[in-house]
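Take this structure first; my questions come after.
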Amino acid sequence: MSEVFERYEQEYAPRLRSSSPERMMTVVREARNWCKTRPLRDPCVAHLTAGDVQSLLEQKRSQGVSARTVNLYHANLHRVCRLCVRPWLLIPTNPVTAVEDAGRETPTDVGEEA
């Protein structure tokens, strides 16, 4: 997975709008660290499952990040894995497509205590 994130940073991050790279890089760094330290232990991208992605997103939710931020993680992971399908041809399908995003944050969600 580290090689995949590194390739994404080198080949695709420079193409992003000027306002996007910093936030995207934060998400990519955290996702890379999660892959290294969590149950995945930096596996081959072919071993990444929808359950692994769901676990990361649930971890972010439990840390109290907003639905918008969770969706940002989902979107960036989806983009990285989509590139792994094509044009890189590293995996046959994108495991992130099986994971739903966090939805929209409603005004009642903001500031609501758990």
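The values are calculated or read from the model by the stated rules, or taken from the named source; none is laboratory data. What you are looking at is a predicted structure, and each value in this text was computed from that prediction instead of being measured. Every residue, glycine as well, gets a Cβ built from its backbone with ideal geometry; the counts of neighbours run over all protein chains shown.
Identify the residue in region 1-42 that is modelled with pLDDT under 80 and either of a type in the set (Asp, Glu) or touching a Lys or Arg at 6+ places or on another chain (Cβ under 6 Å) (or both) and, among all such residues, is farthest from Arg86 (Cα to Cα).
Only one residue tops the list, namely Glu22.
Only one of (1) at pLDDT 90 or above; (2) surrounded by fewer than 14 Cβ atoms within 10 Å (Cβ to Cβ) is not met by Pro107, so which one is it?
Here Pro107 clears every test but (1).
So that you can scan it fast, the table gives a plain yes or no per residue for (1) in contact with an Asp or Glu (Cβ under 7 Å, 6 or more places away or on another chain); (2) touching a residue at least 40 places away in the same chain (Cβ under 8 Å); (3) hydrophobic (A, V, I, L, M, F, W, C):
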position	(1), (2), (3)
Gln10	no, no, no
Leu16	no, no, yes
Cys35	yes, no, yes
Leu56	no, no, yes
Gln59	no, no, no
Arg68	yes, no, no
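Restricting attention to region 43-79, and to residues there that are part of a loop (DSSP other than H, G, I, E, B), modelled with pLDDT under 90 and more than 14 Å from the chain's Cα centre (by Cα), which single residue is surrounded by the fewest Cβ atoms within 10 Å (Cβ to Cβ)?
Taking the candidates together, the pick is Cys44.
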